[in-house]
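**Q** First the structure, which I've put down as C-alpha cells, then a few questions once you've had a look.
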Amino acid sequence: PDEYLFDALIRMTRSHIERLVVLDGDELVGILDITDVLGLFSTQSHSLGIRIERAGSMEELEEVSAATERLTRGLVDRGVSVDRIVALLAALNGRLMSRVFSMCVPSEMLDRVCLIVMGSEGRGEQILKTDQDNAIIYQDVSSPTEAKRAEGYFLDLAGDISDWLDMAGFDYCEGENMAKNPTWCQPISVWKGY
C-alpha cells in the first residue's frame, strides 16, 4: 500500500500482467487493474507492450520504438521523475529486445541459445535507446565438425539479431561489444573460460 502507483505500472509492464494484488503484510487490501492505472497516468506503456508482443514484422517494431521515444517525452512533460521513467523504459526496451530475439531465433533453437544484454542497458540505466552491448551464449556440441557448423550458424543468427536491433533504434556498438562480433558469440564452454 505504501508503494507508488507508477511503480505498479512498471511492474505490470515488465512482467506482462494486467492485475496486481496489494498486500499489507499478509492481508489483502486491494487489486490494481491495468486499465485503472493507465487511466490515472494516461500513458501508452501498456499498449506499447501489447504492440511489441503482437509485432509480426520489423516495421511494426520500428513503429513501437518511435512511439517509445514519444512516450518518454510525454512522461518528462508531465513531470514524472527520471528514475521512474528509466525503470519503465528499461522494461519496454527489454520486451522489445526479447521480441527481436524471438522473431530471429527459430522456435526449435530457443532452448539452445540466449541473448545477454550488458552495459548500461543491461543494468537498466538508459532512458532512450543506447548502443548495443550484448552477447550470445549457445549450447556446446560434441564433435569439432558440429562445433564449426554451430559457430557459423550462431554467428549468422547474431548478425541478424544485431541488424534488427539496429533497425529498432539500438545502434551498433562502436567498440564492437555485441553479439555479431565472434568474441561475444560463443558456446557455454568458451564463456566459462572467459
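**Q** Looking at the range 127-143, can you tell me whether even one residue there is basic (K, R), open to solvent by 20 Å² or more (accessible area, probe 1.4 Å) and part of a helix (DSSP H, G or I)?
**A** No, that holds for no residue.
**Q** Quick test of your reading of the structure: D7 fulfils all but one of (1) more than 22 Å from M167 (Cα to Cα); (2) touching a helix residue (DSSP H, G or I) at 6+ places or on another chain (Cβ under 8 Å); (3) open to solvent by 50 Å² or more (accessible area, probe 1.4 Å). Name the failing condition by number.
**A** (3)
**Q** Within the group V64, V76, V37, V80, which residue is at pLDDT 85 or above and not acidic (D, E)?
**A** V64
**Q** I'd like to know if the range 99-114 contains one or more residues that are assigned to a strand (DSSP E or B), at pLDDT 90 or above and surrounded by fewer than 20 Cβ atoms within 10 Å (Cβ to Cβ).
**A** Yes, there is a match, as at least one residue in the range 99-114 is assigned to a strand (DSSP E or B), at pLDDT 90 or above and surrounded by fewer than 20 Cβ atoms within 10 Å (Cβ to Cβ).
**Q** Let me ask something else. Inside the range 174-188, can you point out the residues that are over 15 Å from G159 (Cβ atoms) and modelled with pLDDT of 95 or more?
**A** Correct list: P187, I188.
**Q** Residues of the range 164-194 being without any contact (Cβ under 8 Å) to a residue 40 or more places away in the chain, open to solvent by 60 Å² or more (accessible area, probe 1.4 Å) and either part of a helix (DSSP H, G or I) or closer than 22 Å to R99 by Cβ (or both), which ones?
**A** K180, P182, T183, K192, G193
The values are calculated or read from the model by the stated rules, or taken from the named source; none is laboratory data. Since this is a predicted model, take the numbers as computed values, not measurements. Please note: Cβ atoms are built from the backbone with ideal geometry, for glycine as well, and neighbour counts cover all protein chains shown. Side chains are part of the model used for accessible areas, which takes the heavy atoms of the whole protein and leaves out ligands, DNA and RNA. Shrake-Rupley method; radii C 1.70, N 1.55, O 1.52, S 1.80 Å.
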